[in-house]
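Trainee: Next up is a structure, given as structure tokens.
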Amino acid sequence: MKIYTKAGDSGKTSLYTGGKVDKDSKRINAYGTIDELNSFFGWVRAHGLPEDQDKLLHKVQNDLFKIGSDLAASEDKAGKGRKIIRLSENAERFLEDAIDKMDTELPPLRDFIIPGGVPPAVALHVVRSICRRAERDIVALAKSESVNPQVLKYINRLSDMLFVMARYMNMKMGLADVVVTAD
């Protein structure tokens, strides 16, 4: 099987459930940013995380693939011969559990945090900012087309989890939060 089809040479691409859209459409931007986010998760994991954190991010990558699949499908054509992989209802709960678990070990947050610290923490902050962009892209799409509401809940919670995990990585490696100073 050839990897290239030449079908997209005109600036259009096909949706999973059929139909063609411009490659700069809001739907393509949304799931393209999810793809970028998932790729950066691989980069974060390449930093050598503790096993429990690596397993957590592996599950997130699997969920991001489901989100990409969901966003690549036009809602009005769902169920017409193609199975759309979707997040399970309340998929964000495992992120909330992870946040709560890490948060019990962290000092209370009293300042604004500057992205910094150990390489895995910095990488998590980069991924968090991409996650926020993905959320903005999905919100923009949802203003004009139907989007699974579970996707927005998950992505919103994911950025929260990434912020907490970055703080957690710094703490586990003996560094305090890098905070904004008055001067």
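No lab work stands behind these numbers, since they all come straight from the coordinates. Since we're looking at a predicted model, the values are computed, not measured. FYI the Cβ positions are ideal-geometry reconstructions off the backbone, even for glycines, and counts take in every protein chain you see.
Trainee: Mind listing the phi-derived Karplus ³J(HN,Hα) values for the stretch 44-59, rounded to whole Hz, using 6.51, -1.76 and 1.60 with θ = phi - 60°, and x for any glycine or proline?
Mentor: Result, ordered by residue: 4, 5, 6, 7, x, 7, x, 4, 5, 5, 5, 4, 4, 6, 5, 4 Hz.
Trainee: Can you tell me the alpha carbon radius of gyration of the stretch 12-172 divided by the globular rule-of-thumb value 2.2 N^0.38 Å?
Mentor: My calculation over the Cα atoms of the stretch 12-172 gives 1.09.
Trainee: Counting only other residues whose beta carbon sits under 12 Å from that of Leu57, what net charge do I get with K and R as +1, D and E as -1? Present the calculation step by step, with values, prior to reporting the outcome.
Mentor: On the way: positive: Arg45, Lys55, Lys59; negative: Glu51, Asp52, Asp54, Asp63.
Spelling it out: positives minus negatives among the neighbours equals -1.
Trainee: By how many nm would the segment from Ala182 to Ala142 grow when fully extended, if each residue of separation counts as 0.36 nm and the alpha-carbon distance is taken off? Each step should come with its number before you reach the end.
Mentor: Values: separation 40, 0.36 × 40 = 14.40 nm, distance 3.91 nm.
That pair, Ala182 and Ala142, stretches by 10.5 nm at full extension.
Trainee: While we're on this one: What number comes out for the charge environment of Ala91, summing +1 per Lys or Arg and -1 per Asp or Glu over other residues with Cβ under 13 Å away?
Mentor: Values: positive: Lys59, Lys66, Arg86, Arg93, Lys153, Arg157; negative: Asp63, Asp70, Glu89, Glu92, Glu96, Asp97.
Neighbourhood net charge equals 0.
Trainee: Whole-Hz Karplus ³J(HN,Hα) for the stretch 167-183, in order, using 6.51 cos²θ - 1.76 cosθ + 1.60 and θ = phi - 60°, x for Gly and Pro?
Mentor: With the stated coefficients, the stretch 167-183 comes to 4, 5, 4, 4, 4, 4, 9, x, 10, 6, 4, 8, 10, 6, 10, 6, 8 Hz.
Trainee: I've got another one for you. Could you give me the ³J(HN,Hα) list for the stretch 137-154, computed from phi with Karplus coefficients 6.51, -1.76, 1.60 and θ = phi - 60°, whole Hz, x at Gly and Pro?
Mentor: 5, 5, 4, 4, 5, 5, 6, 10, 9, 6, 10, 4, x, 4, 4, 5, 4, 5
Trainee: Which peptide among 85-97, 56-68 comes first, and what is the full order, when sorted by highest mean count of other Cβ atoms within 10 Å?
Mentor: Answer by packing, highest mean first, reads 56-68, 85-97.
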